[in-house]
Amino acid sequence: MDNYTEIKNKIRAMVGQKTPLLLTGKVERVNGETCTVSIGDLTLTDVRLRSVINGEDSKLLITPADNSYVTIIDLSGELRETEVIGYSQIKAIDIQGTDADPVKVTINGGDNKGLVKIDELTQKLNQLVDKFNAHTHKVTVSHPGGTVVSTTPSPTASQFNKNQYEDTNVKH
């Protein structure tokens, strides 16, 4: 017996003789980590969006858009153990690791390095703006009376507002 036949026989022994079904349906609604999908006149509820729903924070959760189409696998062959494995439209992706084992994500090759902590950066930039605006120069003006005048930079620099440069579609 070749290796592939042996693997196939072992898998059949583990899951029984039922063949997994692949189905395509329309997402009616999403409820947390499950969704309701219609396939013609048939409505499937509690279709999993993650392989294992165990209440743990560590996860990869891909949420399809309402009214989009998904590919579902039914491992039981009886429409009991259904899970989404393909998406026509994605509404959100939630990747969560743990403090001990954080998830590392690379987007577009990672050439732009790590993401910025936007609140901390904006605070630091505004501290610099405040220092700049508070900076004065003592200027000696030669005129009768010899007055010394302190001046501030003109015009003053404005505060940074993260809403002007933050992309809220990517969060960490």
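The values are calculated or read from the model by the stated rules, or taken from the named source; none is laboratory data. Values in this document were obtained by computation on a predicted structure and should not be read as measured data. Cβ sites come from the backbone with ideal geometry, for glycine too, and all protein chains shown count toward neighbours.
Candidates are the residues of segment 89-104 that are in contact with a strand residue (DSSP E or B) (Cβ under 7 Å, 6 or more places away or on another chain) and either of a type in the set (S, T, N, Q) or not in a loop (DSSP other than H, G, I, E, B) (or both); the one that is farthest from residue 26 (Cα to Cα) is 96. If you go through segment 44-88 and keep only what is in contact with a Phe, Trp or Tyr (Cβ under 9 Å, 6 or more places away or on another chain) and not in a strand (DSSP E or B), you end up with 65, 68, 88. Can you find a residue that is surrounded by 12 or more Cβ atoms within 10 Å (Cβ to Cβ), part of a loop (DSSP other than H, G, I, E, B) and touching a strand residue (DSSP E or B) at 6+ places or on another chain (Cβ under 8 Å) anywhere in segment 105-121? Within segment 105-121, one or more residues are surrounded by 12 or more Cβ atoms within 10 Å (Cβ to Cβ), part of a loop (DSSP other than H, G, I, E, B) and touching a strand residue (DSSP E or B) at 6+ places or on another chain (Cβ under 8 Å). Among the residues of segment 14-27, those identified as at pLDDT 70 or above and within 16 Å of residue 76 (Cα to Cα) are 20, 21, 22, 23.
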